[in-house]
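Asks: Take a look at this one; I'll ask things after.
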Amino acid sequence: MANPLAKEADFIPNRPDVISQKASGADRGTLLGVLSGVLLIVIAILGGGAPEVFLNLNSALIVLGGATATTFIAFPSQRISMMVPVIINAFKPEVYYPADYVEEIVDLATLYRKGGTKKLETQEEYLNHRFLRNGISMIVDGYSSREMHEIMDREIFSMIERHNTGQKILRFIAVQAPVFGMCGTLIGLIQMLMNIDDPSSIGPSLATALITTFYGLIIANLVITPIVSKLNTRTESETMLYKAIRVGILGIHEKANPQKIRKMMNSLLPPDQQR
């Protein structure tokens, strides 16, 4: 459906087809990092000989089972079940950038100054970002600047809290995996000492015992910790986006000069992203 006011206001909203193209696929940097890390470790293992030693089901069960069990003890099961999409999100490319919304909000401000709330209302359905759409809706519904600022502040805080909850669970797992790796190593050492009368079994038993620690370190440092860092970066980026949109929405509400709104939004962005 074509935007009936696009010609009248020269307003071109962010196109859903462009957003969907950005959202499709995966973030190449994240995938490249994981694959290259796994590949280098596998090459090192194969180069050292006896790669089958590094495949141990009991060690994997101790690390994964222990980390999973303690996580369910520490956090509500509903929050843990929501971690799968959170982890998947770390492998997706970034879709929204604050600079992408500068021109859109400037166009909305121009439209509002020319036609008031009636013409602004017709644009709500074409706005693909929920935070921006809600802000425009509040302008149309007659909220005051103070009410709008409070509501948007709470929404930003709520978004940060949701993200931090997911990262908190992942950080907990990153701590628990090496701990249970060490626990598995102690179990293996105890079993080895029970057969210390047989010197030929000490070497293989010690190697098997250390595999559990190896699994715990790999899970924590190659998988979980980098994902947490990536999600934290995404949270910071999305927070900046929300704050830039909030500045734009409040500027529209006050019928500020569109170029003034542009400068206020640009002041929140790095120099290379300013529009």
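Asks: Can you give the helix-only mean residue ellipticity at 222 nm for the chain, where every DSSP H stretch with n ≥ 4 adds -39500 (n - 2.57) and the sum goes over all residues, rounded to the nearest 500 deg cm²/dmol?
Replies: Calculated from helices alone, the mean residue ellipticity at 222 nm is -24500 deg cm²/dmol.
Asks: Near Lys255, which aspartates and glutamates are there with a Cα under 17 Å away, not counting those fewer than 8 places off in the same chain?
Replies: Glu103, Glu104, Asp107, Glu121, Asp141, Glu147
Asks: So what's the stretch 113-245 giving for Cα Rg divided by 2.2 N^0.38 Å, two decimals?
Replies: My calculation over the Cα atoms of the stretch 113-245 gives 1.91.
Asks: For the chain, set up a Gaussian network in which alpha carbons nearer than 10 Å are linked by springs, and say which option among Arg162, Arg146, Arg171 fluctuates the most.
Replies: Judging by the Gaussian network model, the answer is Arg146.
Asks: How large, in percent, is the carbon and sulfur part of the accessible surface of the chain at a probe radius of 1.4 Å?
Replies: Answer for the chain is 63 percent, counting heavy atoms of protein chains only.
Asks: Ignoring ligands, DNA and RNA, what accessible area per residue does the chain give at 1.4 Å, in Å²?
Replies: 56
Asks: Would you give the gap between the C-alpha center of the stretch 82-109 and the C-alpha center of the stretch 31-68, rounded to a whole Å?
Replies: 34
Asks: For Glu52 and Arg79 in one chain, what is 0.36 nm times their gap in residues minus the Cα-Cα distance, to one decimal in nm?
Replies: 6.1 nm
Asks: Give the range of the longest stretch in the chain that excludes all GluC sites (Glu not before Pro) found in loop regions by DSSP and having at most 16 other beta-carbon atoms within 10 Å.
Replies: Looking at the chain, 95-253 is the longest stretch - no exposed GluC sites (Glu not before Pro) with at most 16 other Cβ atoms within 10 Å.
Asks: Using label points projected 7 Å from each Cα along Cα→Cβ, tell me how many nm separate Lys118 and Lys263, to one decimal.
Replies: 3.3
Asks: For the chain, set up a GNM with springs between Cα atoms under 10 Å and report which of Gln123, Gln259, Gln176 has the largest fluctuation.
Replies: Gln259
Asks: Here are some pairs, Lys168/Lys230; Lys230/Lys260; Lys230/Lys263; Lys92/Lys263; which of them have Cα atoms lying more than 23 Å apart in this structure?
Replies: Flagged as over cut-off: Lys230/Lys260; Lys230/Lys263; Lys92/Lys263.
Asks: Hey, what do the phi angles of the stretch 204-219 turn into as Karplus ³J(HN,Hα) couplings, whole Hz, using 6.51/-1.76/1.60 and θ = phi - 60°, x for Gly and Pro?
Replies: With coefficients 6.51, -1.76 and 1.60, one gets x, 5, 5, 4, 5, 5, 6, 4, 5, 5, 4, 4, x, 5, 5, 4 Hz.
The values are calculated or read from the model by the stated rules, or taken from the named source; none is laboratory data. It should be emphasised that the depicted structure is a prediction, and the values quoted were computed from it without experimental measurement. With ideal geometry, Cβ positions are generated from the backbone for all residues, glycine too; neighbour counts draw on all protein chains shown. To get the accessible areas, we keep the full protein, side chains included, count just its heavy atoms, and leave off ligands, DNA and RNA. Shrake-Rupley method; radii C 1.70, N 1.55, O 1.52, S 1.80 Å.
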